[in-house]
1. Go through the residues of the stretch 196-204 one by one and say whether even a single one is closer than 30 Å to L33 by Cβ, open to solvent by 20 Å² or more (accessible area, probe 1.4 Å) and away from the ligand (no atom under 16 Å from the Cβ).
2. Does I354 satisfy being outside any strand (DSSP E or B) and in contact with a Pro (Cβ under 7 Å, 6 or more places away or on another chain)?
3. For the stretch 47-83, how many residues are within 21 Å of A342 (Cβ to Cβ) and in a helix (DSSP H, G or I)?
4. What single numbered condition from (1) within 30 Å of G410 (Cβ to Cβ); (2) open to solvent by 10 Å² or more (accessible area, probe 1.4 Å) fails to hold for S234?
5. Within the stretch 214-224, is even one residue outside any helix (DSSP H, G or I), modelled with pLDDT of 95 or more and open to solvent by less than 20 Å² (accessible area, probe 1.4 Å)?
6. Taking the stretch 396-413, which residues are touching a residue at least 60 places away in the same chain (Cβ under 8 Å), open to solvent by 30 Å² or more (accessible area, probe 1.4 Å) and not hydrophobic (A, V, I, L, M, F, W, C)?
7. Within the set of pairs 6 or more residues apart or between chains, which connect a residue that is over 24 Å from V123 (Cβ atoms) and at pLDDT 95 or above inside the stretch 275-300 to a residue that is open to solvent by 50 Å² or more (accessible area, probe 1.4 Å) and within 16 Å of the ligand (Cβ to nearest atom) with Cβ atoms less than 7 Å apart?
8. What are the pairs, 6+ residues apart or on separate chains, where a residue within the stretch 29-46 that is assigned to a helix (DSSP H, G or I) has its Cβ under 7 Å from a residue that is modelled with pLDDT of 85 or more?
Amino acid sequence: MKAAPAYAIHETDLPPGAGGAWRPKAREEEMLLNENYFRLADSYLFITIDRKVKAFLEENPGTKITKLGIGDVTLPLAKAVVDAMSEAVGEMGKKETFKGYSSDQGYPFLQDALVRHYGKKGVTLSQDDVFIGDGAKSDISNILDIFAKENKVLIPDPVYPVYVDTNIMDGRSIQYLSGNASNGFLPLPDKSVHADIIYLCSPNNPTGAVYSMDQLKVWVDYAQAYDSIILFDSAYEVFIGDSSLPSSIFQVPGAKECAIELGSFSKTAGFTGVRCGYTIVPKELTRLSAGKPVSLNSLWKRRQNTKFNGVSYITQRGAEAALGDEGFAQVMQNIAYYKENAGIIADALLELGIWYSGGKNSPYVWLRCPKGMTSWEFFDFLLKQAHVVGTPGSGFGLNGEGYFRLTAFGSRESTIEAVERIKAAIASL
Ligand code: PLP
């Protein structure tokens, strides 16, 4: 009797059009890597910062260095969040309340909490517009699965580097949009450029700049005219204290037909190590495929069904608590603390007559390096003269050259101390 093969390829099992005939490779043919990875710029920024700080400390042992460069939160989780998560751990330890896999779109209690959160901004969402994920970074990358590689991508410069790198990894072509001091680092569309996918980040990392309602309306009008999709990153939305500024693109009429919003509990509720975010894909958002409208919400749902198994129950209960009345008040105390730090940094720059953006509705202060220094020259100057570490603007794109990012996520004491040392160092220039 003939032995059954150890495995078999059933080409006929493939749905029509799925890959075509499988052709075994010749033995000498190489397996292929994703060559797009070799087009990525090396991520030197934080490695170089660490190397320079280490070298400085070796030459100057015992020097107290203050870090105003970190983009990570430092305050602990709010009490209401910790209580909710502890209770959820208790539930997981009892047979009657134990939970296994969650729905890959998230638990309805957290989706509803987000629907209410948006409701307070005047944005009406339905539960199934909301997808819970493990943070904005993952979804910023994952959402690209539903778009063809041929799409042209428009990315403001300077910007959070993940937008650029995820598109390079996929092989998409990118056009950069210049953010600079004359447009307040809030570039608007150039109607001669036709983009399919547009990234907007407001409040912006690294510039701290926030788009106004009128400016976002210009973007929505452009996207509607060109059939583009805006990927709106609102990771820092709770830092917006000025009620005339939009904290969601969906506050702009018409945005539900042309935008997806990516949000996060990382900076809102100190979840950088807990991991929870959300992606809003309104059901109104459709695009044509073979002449027929297709819902992007359905495509994203299909993607998540296949590739994602949800966020832990414990995490989602913590996130729900962060949006509850008590939790949100506690979380906003932490935000107020960071914003006061940002205000302290901004006031010092004002006093020194140094141009900056951000600092008011954002944890980031973005400043022009004094005396025409490059970003790295100013980094070295601050390290050596003020013993302060910040982030060179050139690490966020070509337009960041000559600028510098300071962050408000440190402690009050270290922020005040660093600012005093920065003031003294710059005054001596
Ligand atoms: N979007 C922006 C603009 C960010 O600056 C960051 C983190 O620094 C993220 C998204 C990532 O957020 P998460 O921690 O939810 O992945």
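1. Yes, the stretch 196-204 contains a residue that is closer than 30 Å to L33 by Cβ, open to solvent by 20 Å² or more (accessible area, probe 1.4 Å) and away from the ligand (no atom under 16 Å from the Cβ).
2. yes
3. Residues flagged as within 21 Å of A342 (Cβ to Cβ) and in a helix (DSSP H, G or I) within the stretch 47-83 amount to 1.
4. It is condition (2) that S234 fails.
5. No, the stretch 214-224 contains no residue that is outside any helix (DSSP H, G or I), modelled with pLDDT of 95 or more and open to solvent by less than 20 Å² (accessible area, probe 1.4 Å).
6. N399, S411, R412
7. Note: pairs meeting the criteria are R275/D134.
8. N36/I168; N36/M169; N36/D170; N36/G171; Y37/M169; R39/I168; L45/G395
The values are calculated or read from the model by the stated rules, or taken from the named source; none is laboratory data. These figures come from a predicted structure and were not determined experimentally. With ideal geometry, Cβ positions are generated from the backbone for all residues, glycine too; neighbour counts draw on all protein chains shown. Just the protein is used for accessible areas: all its heavy atoms, side chains included, with ligands, DNA and RNA removed. Shrake-Rupley method; radii C 1.70, N 1.55, O 1.52, S 1.80 Å.
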